[in-house]
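A short reminder: the numbers here are calculations on the coordinates, not readings from a lab. These numbers come from a predicted model, not from an experiment. When we count neighbours, we look across all protein chains shown, and the Cβ atoms used for this are built from the backbone with ideal geometry, even at glycine.
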Amino acid sequence: MLIRKVNRIKACCRALMVVTCLMLVWVEAAPAQKCKPLLIPGKRSIFQQVITHPGANLYASASQTSAILEARIKPFTVYYVYDRTSADDADWLKVGLSSNCEINGWVRGDKISEWRQSLTLVFTERQGRQPVLFFKDLEALDTLAGSASPSEEAMQLASQFEAIQMENSAAPSGFPILAMEPSEEAVSRTRFYLMPIFQTVELFEGVKFLELASIDPGTWQLPQESDLRTSIVFVIDTTISMKPYIDRTREAVRNIYDAIQQAGLSDKVAFGLVAFRSSTEKTPDLEYVSKVLSDLRDGRQRVEFESALAAAEEAGVSSHSFNEDAFAGLKTALDKLNWAPYQSRIMLLITDAGPIRNNDPFSSTGMNEAEIADMAAAKGVRTFVLHLRTPLAERLNNINYAEAQYRALTGQSDSAIGDLYLPIDASDTEAGVRTFGRVVEGVGAQMVRLVQAASAGERLQMPDQPSSGTDGVVADAERKAAILGYAMQLEFLGRRGKIQAPQVVTSWVSDMDLVRPDTPSFKVTVLLTKNQLSDLYQRLRVILDQAQRTKRTGARDFFQGILSAAAQISRDPTQFSLKPNQNLGQLGLLGEFLDDLPYRSSIMRLTEEDWYRMSVGEQQALVDDIKSKIKRYQQYNNDVSNWISFGSTDPGDSVYRVPLSMMP
């Protein structure tokens, strides 16, 4: 009996010690759990962030008399906010570079700008638009935009600002311009700079005025480049009926090689070759879906490239549909070829058929035209489509479908170009082959002209606008290639000169060109952290799985299935709730960072009733769109070189610039 009592006492003591230890652990852990950045009011998962102004200091405490931990912080540093207080008649913020409780110190509230959105801008290519003007205030920008001749006034202000810069003189009192995008070079697409949006107003229909900062850290090293080199890649449909065009491509390449050798530029222009067909799973005798026939080879390797082109043969059997896997060919070219040595990059997609989209069960990429276009843009590759409009395509009603996809694939921000779709009338094969050859040689000649100008130190001029739309496909191809050549030269000069974006603490800009209001000056991107991209990927997978399940089974619990599956993978299942008439955005599933983005999302606005009212085709289109975006998010995650850290040691805080068009 005594032994039992002693044992009970020992057991109680052990239990008490365990509880005491757990309490101590909880006490130690509690502060760490609470050490998180402040949330943006009204949000449950988005932390407050600020951007420092030039001259900001980092203090040990919220006092001007406290020790300075870092004098004159690097301008435009991005911090998380951990606390706010008032002292010495000033607002103070406790800040850290990462979201995992790494506190750096305190900054004064008048030395920062609040950054409430993850939106940021990048310049569009200079294919004809004027350099962006950064205005001191909204009133000055509004006054110019509402004037009788805004384009003339904008060009006059740009000239005045350049004169002030060249003379290194002070601007006259009341001069409204703070800064201007470089006019003689372009800020390189490979350079990381930050243009966070603080405020947006729309005083004129279709034109937004944006309050923003412009930040170029100047620390990202770009390649040392003294010579411009050009790459031209042929992505050729090698299915039945393409042999005449393969042969004519061979002749065109010989002519271009001759031209570059005569100009002494054999090492400056290179050709690559990728062939594509369709599914070998469905039709094994096709031999391949896509493959590299030749990596990029310049004029010094002419024999090797011409041999590879001579070996390109059309297939001996037909594929499972008239459409071919053009996206596989483009993706292979983007993924497999060595683009690195070349600063100007174009692909010529040559086909007589429409592309296989991801709703075809035999699509090898699982992607659609928007995602392939985004892949090409990320590599700085411009894609022309030479679409051979044959009698067979006409009979099969394939021409309009193919044209719509290829115009979307090759769309450009500049209205002077529109897109890089080149329709070639192949109703008569012999005439079609002649026109095709002239188009290939015309585009190639413009790229050679670009290299010649760069080698001679000559500046290309922006081509004049056509007087009408009746110049024919050859002239249209040459004009568009010339505009691209002009933009490519500006890009190259900007890379070589390490041209930075303007450094501006706060300013106002127009999102459209003030001289040509139909042309965007910026492309909107969303800075997503690693953690946000991972969450978005997982939750889109949930929506995709449940959409496919309800389509397959006819079940009427689409939203409930989404919530149940999301709760199993979420760190906070209580954040999801189902109420009447909710859409997907209101479920809290896709992430609060999407709520305030300035675009209308078909996925975010989808209600359960909308889903069941959709036709089978409409449901499938939505599913296909989600599948394509999921594929692209995987590529973003693996694109190690373009993830940027603002000094945080937490990999989850690294950010990636995702185009707004790629958001769900």
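Taking every DSSP beta bridge that has both ends in segment 230-496, the antiparallel portion is near 20%.
The label point for Y537 and the one for E184, both projected 7 Å from the Cα toward the Cβ, are 4.5 nm apart. Compared with the dominant Cα axis of the chain, that is its longest principal axis, helix 472-496 is turned about 50°. For the pair segment 600-664 / segment 92-134, the C-alpha centres are spaced 23 Å from each other. Taking the DSSP beta bridges with both ends in the chain, the antiparallel portion is around 65 percent.
For the residue pairs K282/K530; K208/K336; K291/K551; K43/K530, the C-alpha atoms sit more than 30 angstrom apart in K282/K530; K208/K336; K291/K551.
Per-residue 3J(HN,Hα) values for segment 357-373, derived from phi via the Karplus relation 6.51 cos²θ - 1.76 cosθ + 1.60 with θ = phi - 60°, read 8, 6, 7, 7, x, 9, 5, 8, 9, x, 10, 10, 4, 5, 6, 5, 4 Hz in sequence order (x marks Gly and Pro). Other residues lying with their Cβ under 9 Å from the Cβ of Q452 contribute a combined charge of +1, Lys and Arg counting +1, Asp and Glu -1. Gain on full extension, evaluated as 0.36 nm per residue between E102 and A445 minus their Cα-Cα distance, stands at 117.9 nm. In the chain, the longest principal axis of the Cα atoms and the axis of helix 243-262 are about 90 degrees apart. Computed from the C-beta positions of A171 and I240 and an R0 of 51 Å, the FRET efficiency is 0.15 to the nearest 0.05. Potential lengthening of the chain between E394 and S455 amounts to 17.5 nm, from the contour at 0.36 nm per residue minus the alpha-carbon distance. Taking the Kirkwood radius as Rh and the Cα radius of gyration as Rg, the chain has a ratio of Rg/Rh equal to 1.03.
Projected label points at E251 and A621, each 7 Å from Cα along the beta carbon direction, are separated by 4.2 nanometres. Potential lengthening of the chain between L203 and E313 amounts to 33.8 nm, from the contour at 0.36 nm per residue minus the alpha-carbon distance.
A simple rule links phi to the HN-Hα coupling: the Karplus curve 6.51 cos²θ - 1.76 cosθ + 1.60 with θ = phi - 60°, which for segment 542-549 gives 4, 4, 4, 4, 6, 5, 5, 5 Hz, with x for Gly and Pro.
Residues whose amide H comes within less than 5 Å of that of V515, counting only those at least five positions distant or on another chain, are Q130 (H built at 1.01 Å from N in the peptide plane). Here's the picture: a label point sits 7 Å out from the Cα of S45 along the beta-carbon direction, and within segment 78-92 the residues with their amide nitrogen under 20 Å of it are 80-81.
In this rough spin-label picture, where each label sits 7 Å from Cα along the Cβ direction, the A408-A555 distance is 2.9 nm. Share of pairwise Cα-Cα distances greater than 19 Å in segment 314-386 is 36 percent (whole percent). Taking every DSSP helix (H) stretch of at least 4 residues in the chain, weighting each as -39,500 (n - 2.57) and dividing the sum by the residue count yields a mean residue ellipticity at 222 nm of -12000 deg cm²/dmol.
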